[in-house]
Structure formats: C-alpha cells, structure tokens
Amino acid sequence: MSKEKDAGVSIDPGVEESARQRAIIRELRDEFTQKGWNKTYWITTLGCQMNARDSEKLSGILEEIGYRRSEAEESADLVIYNTCCVRENAEQKVYGRLGYLKNYKKRRPEMKIALCGCMMQENLVLEKLKKSYPQVDLIFGTHNLYKFPELLQAMLSSGERIIDIWKEHGEIVEDLPSNRKYSFKASVNVMFGCNNFCTYCIVPYVRGRERSRRPEEILKEISQLAQDGVKEVQLLGQNVNSYGKTLEHPISFAQLLQEISQIDGIERIRFMTSHPKDLSQDLIDAMATLPKVCPHFHLPLQSGSSRILEKMNRHYDQARYLDVVRRLREAVPDISLTTDIIVGFPGETDDDFEETVKVVRDVQFDSAFTFLYSKREGTPAAAMAEQVPEEEAKRHFDRLLDVLKEDIHAKNETWVGRTVLVLAEETSKHDEGMLTGRTPHNQLVHFQGDRALIGSVVPVKIVENQTFYFTGERIPSE
C-alpha cells in the first residue's frame, strides 16, 4: 500500500480519507440541527449482495447525518438507486422509475434523486442520463462510494447537479457508518473487483481489478460485529478464492477463515462467490475442519459444455468442475451445493445444452439461479456470432427449470422428518404468525413462532418439502 509522509509520520491515505469524510458527516449533522431539517430518504438496491452491502453503508451515512427512512419512495426528500448492470432488465427498471419520479419532482422540486453503482460506470448510460434525465441531481459510481458524504454536501450546498465518476479505484476506505438490515447477521466485504473477465460479464469493467482488504481490518470489523450481537457473517467477494493475493503480506482465504473462526460470538460463517478454476484444497479442508463454516458452497457452473465454457473464458471444463464437486463431497459429505447457470450463450447448440442438463443431473444441486443470456454491450460475448434465437433459448431455459425442480424436490425429500437448526430472521411476508430463517445448509424454512425468537437459533423439525423451501415445526426447549 502506498504511504504519504507528513512530518516524519507515515499516514495511510485510506485512514486519512475516512477521517475527512467523517468530518463532513459531522458538518452536515450540525447543519441539519441548526436548520431544523427533518429530511427523509429512500434507497432501492438492485443486483448482488455487494450492492446490498453498499446500500447499508449509504443508509448508515444518511442516518448519522440526520436523515430518517421514508415510508414511501414518492414522499422521500432523497431517493437513491444503487444500480446493477449485469442484466438489461435491471437497467430498464431504473429508467422506468426515473420517469415515474419525474412527475413527483415537478410537484416537489426540493426532492433530490441520486444514482450510484455499477450502471453509472458505463459510458453510454452516463451520456444518456446527462441528456435525457435532468431530474437526477447526483451521479457517482462504484470506485468512490466512500465519498458520498462529500458529494451529498456539494449537492445540497450548490443546488447543482453533481457527477463524479472514477474510471479506476483508489484506496480502500474503512470505518464509515453502516446501517445493517439485521442485528444478528451481517455481510462483510473481504475484497473488491474481479480479474476473471468472463466474456459475458461486465463486472470487471465496472468494479475494477481485484484488491483485498487487510486481514486485520476484516477481523476488527467482525470482532466488533460479534460484540454487537451478530451471530452470522457472510464474507463477500467476486471471487473469494483470490483473496489475499494483492496484499503486501499475502494470506489465503482458507487462512482468513481460520482467523475468523476464532472470534468469540460468531457462530456461523458463510461466503460467496467461489470460482471453480482456482478452488484450493486448503479451502476445501477448511470447510471440513472448521465447525463455524457453514456446509454450503455456491459454485457457479454457468454451462456444462466444455466448448461453451471455453467461449465464456471460464478456465475450467466439465471434468474439472465435476472433480471439484467430488472433492467437496468427499470432504463434507452432507454439503449443500448451489450454482448459477446461463442458458442461451452465443453458439450454444442443443448438444451443448444437453451437456448442461447432464451436469445438473450428475451433481444434484440443492438450488440454482438460472439466467437467460443477457447481451451486455462492451463485453466480448456481445460481439460474438451465433447469437441464440430467443425462442430457442427460452425452450432450453424452461426445460432446465423442469429438470432442476424435479431434482431439487427429490433431494429435499431426504430432509423431511429431520431436525435442523434455523436462525430465525423475520416474520413471513404472508403470515405474521410464521417465522422464516435458514439452516446451516442455507435452506429456507418457515415455521410457527413468536417474533421474540427472531435472532435466535431454533431447532425445527422439517415436516413438508415445498421444493424451494421447507415448512417445519419448532421443537420446544426442555
């Protein structure tokens, strides 16, 4: 890490920047108090769990300044869209909401609209926003999210549109406010960016190259979370297998898991995502030997065809993927495996698709996220010949869903009658008398229970398999 010298003292630029942004937060809080402002905010988060974690930071900053969460988007004084550009429908949703909010802003000109996240890093998107969406007051990207207090202050004081997009990342800035969704579980970034450059994916272009947080900062954050009552942490990175390689003193992700496992109070450790190309035996061994690490592994397949995997630039073939699955199951026999699969990648034939079905049948995944290929301008795949016709891709997609549903239902039948430990997370959206939570294997379980149980680990007997979730009966404590 680069250092700056001042009067013979080495100053970490990230620490210095954090202090500067916190000073701005205090200035804004004082201004809110002096002017008697009672402003509200609304944040809509699109995309991955990295974005969700970023939104927690934005919310924490706003609430420390003096904003409070609005009960409705339309009535908020500040509306923020934390955007995703992985799929086109997420972008279209943003444009649609901006058009919807335009009429509300006409009636309330004091409403402020801000956009951030991956979508802002695309040149074509940025130009479109500049020309066609004058109602947007603040635009910033993925590399300078930590500057949000400074950018917010500039917008409020000037009354002008503020656009601040960086093409590259700077220092990792720690220790800014955060407002977690849950008091008993939390997500923790361990690294940022991606070096893999899969031909269909725009993430490396908008999130930047890989850089890892220092292990001491991660351990400090998780220790504080444990003191605050957090029982479960999920470690986030585009490819956690690469963690530590960019550090001055490199360590492996498996070593990081060992360190985190020693923190008192933390009962469950999860992580995502892991790339099959560089999944180490050390990480598999850590899964097998560290009791706090949950027996769930998200291992994106994307395609079962070795030919398509090569076109995707995934750096593994079908045989290598299946070997990774074999080694995981040998080390952790009851491990839950989930995956991502793309259907309709350019050049995919019926035979290629059948290879994907073969792998799905062989592996017997516990769950899967399935996607129709989405053409993203700026990626190599967008310029490939043999774009698959939509009706053919949809035919394959529907068949894949049928196969997955059948296999997942059959596998989940083996859990009926068993007692599992469920971390109760919230009341059911459909029945306030029901609680919902997850097992160590990341299975979703609904069961009768009082709100007082939320945040507790509860023994529950699985009584019914609903394919993608279970219903259960709580086992009363003796």
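The values are calculated or read from the model by the stated rules, or taken from the named source; none is laboratory data. Just so we're clear, the structure is a prediction, and the values are computed from it rather than from any experiment. Cβ: placed from backbone, ideal geometry, glycine included. Neighbour counts: every protein chain shown.
Residue-level check: of (1) part of a loop (DSSP other than H, G, I, E, B); (2) free of Cβ contacts under 8 Å to residues at least 60 places away in the same chain; (3) not assigned by TED's automatic domain parsing to the domain that holds ALA383, ASN241 misses just (1).
The one condition from (1) loosely packed, with under 15 Cβ neighbours inside 10 Å; (2) not in a helix (DSSP H, G or I) that ILE341 does not meet is (1). Residues in the range 259-276 that are surrounded by fewer than 16 Cβ atoms within 10 Å (Cβ to Cβ) and either among the β-branched types (Val, Ile, Thr) or under 23 Å from the mean Cα position of the chain (by Cα) (or both): GLU259, SER261.
Within the range 141-169, if we keep just the residues that are aromatic (Phe, Trp, Tyr) and surrounded by 19 or more Cβ atoms within 10 Å (Cβ to Cβ), the residue that is farthest from the chain's Cα centre (by Cα) turns out to be PHE148. For first residues located in the range 454-477 and at positive phi and in contact (Cβ under 8 Å) with a residue 12 or more places away in the chain, partners that are part of a loop (DSSP other than H, G, I, E, B) and not hydroxyl-bearing (Ser, Thr, Tyr) and lie 6+ apart or on another chain with Cβ distances below 8 Å form the pairs GLY455/PHE184; GLY455/GLY229; GLY455/LYS231.
One line per residue, one yes/no per condition, for (1) closer than 27 Å to GLY378 by Cα; (2) of a type in the set (S, T, N, Q); (3) in contact with a Gly (Cβ under 7 Å, 6 or more places away or on another chain):
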| residue | (1), (2), (3) |
| --- | --- |
| ALA90 | yes, no, yes |
| LEU129 | yes, no, no |
| GLY141 | yes, no, no |
| ASN144 | yes, yes, no |
| GLU160 | no, no, no |
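Residues checked against (1) within 12 Å of VAL343 (Cβ to Cβ); (2) among the aromatic types (Phe, Trp, Tyr):
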position	(1), (2)
VAL363	no, no
PHE369	yes, yes
LEU372	yes, no
LYS375	no, no
PRO380	no, no
ALA385	no, no
PRO389	no, no
HIS396	yes, no
ASP402	no, no
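Note on the range 24-54: residues that are over 16 Å from SER157 (Cα atoms) and in a helix (DSSP H, G or I) amount to 6.
You will find that of THR414, THR419, the residue that is farther than 30 Å from VAL343 by Cα and surrounded by fewer than 15 Cβ atoms within 10 Å (Cβ to Cβ) is THR419 and no other. Across the range 111-124, the qualifying residues are those that are more than 22 Å from the chain's Cα centre (by Cα) and modelled with pLDDT under 95, and the one among them that is nearest to ASP164 (Cα to Cα) is ASN123.
Per the listing LEU328, LEU309, the residue uniquely closer than 30 Å to PHE184 by Cβ and either surrounded by 16 or more Cβ atoms within 10 Å (Cβ to Cβ) or not assigned by TED's automatic domain parsing to the domain that holds ASN196 (or both) is LEU328.
Wholly within the range 55-174, which strands (runs of 3 or more DSSP E) include no fewer than the required count, namely at least 3 residues that are under 17 Å from LYS39 (Cα atoms)?
Working: elements: 78-83, 112-117, 138-140, 162-164.
Once the strands (runs of 3 or more DSSP E) in the range 55-174 are filtered for at least 3 residues that are under 17 Å from LYS39 (Cα atoms), what remains is 78-83, 112-117.
Just to be sure before I move on: is SER374 within 28 Å of VAL445 (Cα to Cα), assigned to a loop (DSSP other than H, G, I, E, B) and among the small types (Gly, Ala, Ser) in the structure I sent? Against the criterion (within 28 Å of VAL445 (Cα to Cα), assigned to a loop (DSSP other than H, G, I, E, B) and among the small types (Gly, Ala, Ser)), SER374 does not qualify.
Inspect all residues belonging to the range 235-256 and state whether any of them is among the acidic types (Asp, Glu) and either closer than 23 Å to CYS118 by Cβ or over 21 Å from the mean Cα position of the chain (by Cα) (or both). Scanning the range 235-256, I find at least one residue that is among the acidic types (Asp, Glu) and either closer than 23 Å to CYS118 by Cβ or over 21 Å from the mean Cα position of the chain (by Cα) (or both), so the answer is yes. Are any residues in the range 281-314 farther than 24 Å from VAL332 by Cβ and out of contact with any Asp or Glu (no Cβ under 8 Å at 6 or more places or on another chain), and if so, which ones? Passing the criteria: LYS311, MET312, ASN313.
When the residues of the range 210-238 are filtered to those that are in a helix (DSSP H, G or I) and of a type in the set (A, V, I, L, M), the one that is surrounded by the fewest Cβ atoms within 10 Å (Cβ to Cβ) is LEU219. Evaluating GLY265 against the criteria (1) over 30 Å from GLY455 (Cβ atoms); (2) touching a residue at least 24 places away in the same chain (Cβ under 8 Å); (3) not assigned by TED's automatic domain parsing to the domain that holds VAL403 leaves one unmet condition, (1). Highlighted here are the strands (runs of 3 or more DSSP E) found entirely within the range 394-464 that include at least 1 residues which are aromatic (Phe, Trp, Tyr): 444-448.
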